[in-house]
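Read the structure below first, then the notes.
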């Protein structure tokens, strides 16, 4: 399979945008992702895919926790910030943001649609990515707004995709 053809086809699969955060002995991190899915509701478990070469991967693995912060259509700047599109250090990316957490030390970002605070249960390696199977320890239902979607290699909303 040609990787470019695969990536081109995947760009047409719209996905919710989240920032996955972690904090603990290995330090703080956050990374923008679209590969998050529920696995089961008993026990509540998420699947989160993160590139093996990323600093976030190593930090989450070492800390043993993560928080999936689901972004709204108003959070494009936050998505870009944690996508690494600037030269800011990880600490600087969190500077100025309200620092809260739920059951684990993983940071909860302000104003998100929902947050799933998790402990890492298992890590499975698949090609260039690690699949984190994470047990949900706590949930925050945030504001009620439209979701931020990644579609055709850009951040969008459902109204801009369908309108």
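The values are calculated or read from the model by the stated rules, or taken from the named source; none is laboratory data. Treat the numbers as computed from the prediction; the structure is a model and nothing was measured. Every residue, glycine among them, receives a Cβ derived from its backbone with ideal geometry; neighbour counts consider all protein chains shown.
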Of the criteria (1) in contact (Cβ under 8 Å) with a residue 60 or more places away in the chain; (2) more than 14 Å from residue 33 (Cα to Cα); (3) buried (at least 17 other Cβ atoms within 10 Å of the Cβ), which one residue 91 fails: (3)
So residue 81, is it surrounded by fewer than 16 Cβ atoms within 10 Å (Cβ to Cβ), out of contact with any strand residue (DSSP E or B) (no Cβ under 7 Å at 6 or more places or on another chain) and closer than 28 Å to residue 143 by Cα: no
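Just for the stretch 30-59: of the residues that are touching a residue at least 40 places away in the same chain (Cβ under 8 Å) and more than 21 Å from residue 113 (Cβ to Cβ), which one is surrounded by the most Cβ atoms within 10 Å (Cβ to Cβ)? Can you show your working first?
Narrowing the stretch 30-59 to residues touching a residue at least 40 places away in the same chain (Cβ under 8 Å): 30-32, 34-35, 39, 43-53, 57.
Filter once more, keeping what is more than 21 Å from residue 113 (Cβ to Cβ): 43, 51-53, 57.
On the way: 43: 10, 51: 15, 52: 15, 53: 9, 57: 21.
This residue is 57.
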Hits in the stretch 103-131 (condition: crowded, with 18+ Cβ neighbours inside 10 Å and over 17 Å from residue 39 (Cα atoms)): 104, 106, 107, 108, 109, 112, 113
Exclusive hit being at pLDDT 95 or above, farther than 24 Å from residue 154 by Cα and touching a helix residue (DSSP H, G or I) at 6+ places or on another chain (Cβ under 9 Å), set 21, 32, 59: 59
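Here's a check for you: in the stretch 134-149, which residue that is touching a strand residue (DSSP E or B) at 6+ places or on another chain (Cβ under 8 Å) and outside any strand (DSSP E or B) is surrounded by the most Cβ atoms within 10 Å (Cβ to Cβ)?
Step one: list which residues in the stretch 134-149 are touching a strand residue (DSSP E or B) at 6+ places or on another chain (Cβ under 8 Å), which gives 134-143, 145-149.
Imposing the further condition that a residue be outside any strand (DSSP E or B) reduces the set to 142-143, 145-146, 148.
Details: 142: 16, 143: 10, 145: 15, 146: 13, 148: 25.
Checking each candidate, the answer is 148.
Scan the stretch 107-127 and tell me whether some residue there is touching a strand residue (DSSP E or B) at 6+ places or on another chain (Cβ under 9 Å) and at pLDDT below 95. Can you show your working first?
First pass over the stretch 107-127, keeping only residues touching a strand residue (DSSP E or B) at 6+ places or on another chain (Cβ under 9 Å): 107-126.
Next, from what is left, pick out any that are at pLDDT below 95: 110-111.
The answer is yes; a qualifying residue exists.
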Subset tally (residues that are surrounded by 10 or more Cβ atoms within 10 Å (Cβ to Cβ) and either in contact with a helix residue (DSSP H, G or I) (Cβ under 7 Å, 6 or more places away or on another chain) or in contact (Cβ under 8 Å) with a residue 60 or more places away in the chain (or both)) for the stretch 1-12: 1
